[in-house]
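Have a look at the structure below before the remarks.
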Amino acid sequence: MRIDLTTEPGDPRIPNEDYVSVALPASGAGGSLVLLDGVTPPEDGGGCVHGVPWFTARLGGALLELSVSRRDMTLRTCLAEAIERTADAHRTACDLSHVKTPQATVVAARWDEQDVEHLVLSDSVLLVERRDGRVTAERDDRLSRLPPHVPELRAAVRALPPGSAERAARAAEYVRAVEALRNAEGGFFTAAADPSVASRAVTGAVPRADVRSLTALTDGAGRWVEVFREGTWADCPALLREEGTGGLVRRVRTAEAADPRGGAFPRGKRHDDATAVYAEFQGGTRAPARAPGCTGAGDPGSLPGTGPRPVPSTGLPFPEV
């Protein structure tokens, strides 16, 4: 099978907080991929002396090893065990009760000769391309379903003059409202130090014979669709076949550079860590290629599992998870 992956920091002076890896067992009968997007920590470090890159490497490495070696465990169980292992590695040195203890979004996929399984937690995305050309965006959409007062606060901030003290104060209120919903009922969930969060992940499986490719994207790479709207989720697999994962990241960086202040396309950060992995399965009938950037398939909301068309980023410090 064909594997292509790219990861690039948003700022070359700051360590990349994403993680991506693929394992293909020597038997050739299956494999696994894992992609994480580390949550940028607060100024106090979130009670951890190690940092987010250390955390994502530990968590991602454990999840990849378990997903490949323990076929008897579900992906949720693998994630729970990986979280427990990672927490144990720094439990004595760090404050794991801190609300911003290192944490990450998670995408995992595992396949054998019969099935392709997936797991998604928080706002990274997995695209499943079928051999008939359909593309399903497997997503955890809890961040888009926060209680009404949160988007109301966001709208209030956007209505205030940029750079004003009033906007800064209201933005801080908005961030506090979002953070109160992190890993809480009625809010959203990320993989931190509590193994039980694995039960919140979105999971599923499809027959391997039906799958042409898998694409996993952190939100920094998914900006091509969600922020800059240069294409849809359905356009991504064809783009990656033509230009590779590096081509997608370059397109995102070009769009960011063309709007450095976020005036046309508001977003929480000018640049974000961007990671993409593409896995193409062999065999079966090839679906017709779609032109990169084509919008003929409709907006992302027309695809199974995607929900409504994404709302552009607010340009506020919404949790970059």
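The values are calculated or read from the model by the stated rules, or taken from the named source; none is laboratory data. Because the structure is predicted, anything quoted here is derived from the model rather than measured. Glycine also receives a Cβ, built like all others from the backbone with ideal geometry; neighbour counts cover every protein chain displayed. Only protein heavy atoms, including side chains, enter the accessible area calculation; ligands, DNA and RNA are left aside. Shrake-Rupley method; radii C 1.70, N 1.55, O 1.52, S 1.80 Å.
Over the range 218-281, Cα pairs under 8 Å with separation of 6+ residues give a relative contact order of 46 percent. Computed from the C-beta positions of residue 113 and residue 169 and an R0 of 41 Å, the FRET efficiency is 0.10 to the nearest 0.05.
Using a probe of 1.4 angstrom and keeping all protein chains present, the accessible surface of the range 157-258 works out to 37 square angstrom per residue. Here the simple spin-label model places points 7 Å from the Cα toward Cβ, and for residue 144 and residue 72 these points are separated by 4.0 nm. Phi-derived couplings, Karplus 6.51 cos²θ - 1.76 cosθ + 1.60 at θ = phi - 60°, listed residue by residue for the range 119-134: 9, 9, 10, 6, 9, 6, 10, 10, 9, 10, 9, 7, 6, 8, x, 5 Hz, with x used for Gly and Pro. The share of accessible area on the chain that comes from carbon and sulfur is 52 percent, using a 1.4 angstrom probe.
Between (i) 128; (ii) 166; (iii) 213, which entry matches volume of the Cα convex hull per residue in Å³ as derived from the coordinates of this structure? Here volume of the Cα convex hull per residue in Å³ agrees with entry (i).
With all protein chains in place and ligands, DNA and RNA left out, the 1.4 Å accessible area ranks 166, 129 as 166, 129, largest first.
Here the relative contact order of the range 97-242, from alpha carbon pairs under 8 Å that lie six or more residues apart, stands at 34 percent. What the range 1-56 shows is 46 Å² of accessible area per residue, with the surface traced by a 1.4 Å probe over protein heavy atoms. Per-residue ellipticity at 222 nm from helix content only, as computed over the chain with -39500 (n - 2.57) for each DSSP H run of at least four residues, stands at -9000 deg cm²/dmol.
In this simple spin-label model, placing a label point 7 Å from the Cα along the Cα-to-Cβ direction at both residue 206 and residue 158 gives a separation of 3.1 nm. Extension gain for the segment residue 282 to residue 258, taken as residue separation times 0.36 nm less the Cα-Cα distance, is 4.9 nm to one decimal. With each label modelled as a point 7 angstrom along the Cα→C-beta vector, the residue 131-residue 92 pair spans 5.3 nm.
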